């Protein structure tokens, strides 16, 4: 079921308040490969990237995020 305009507005308002955005680039075609791999792991692209960052930071001895 599609979301209503008011639902989308509420989602965007919450996201703006609760999250920072990080934009980065990958070579042409890599996004699809990363998305497919993330999906095969049962994760969204965002969830996969966040998990990878957490693992790398943990390896380097950084404190946990969030």
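The values are calculated or read from the model by the stated rules, or taken from the named source; none is laboratory data. Since we're looking at a predicted model, the values are computed, not measured. Cβ atoms come from the backbone with ideal geometry, glycine included; neighbour counts cover every protein chain shown.
Remarks
- Qualifying position, being free of Cβ contacts under 8 Å to residues at least 12 places away in the same chain, surrounded by 10 or more Cβ atoms within 10 Å (Cβ to Cβ) and not in a helix (DSSP H, G or I), among 16, 62: 62
- Just one of the listed residues (39, 27, 43) is assigned to a loop (DSSP other than H, G, I, E, B) and in contact with a helix residue (DSSP H, G or I) (Cβ under 9 Å, 6 or more places away or on another chain), and it is 43.
- The residue that is surrounded by the most Cβ atoms within 10 Å (Cβ to Cβ), counting only those in region 23-32 that are under 18 Å from residue 53 (Cα atoms) and at pLDDT 95 or above, is 31.
- Qualifying positions in region 1-13 - in a loop (DSSP other than H, G, I, E, B) and modelled with pLDDT of 95 or more: 4
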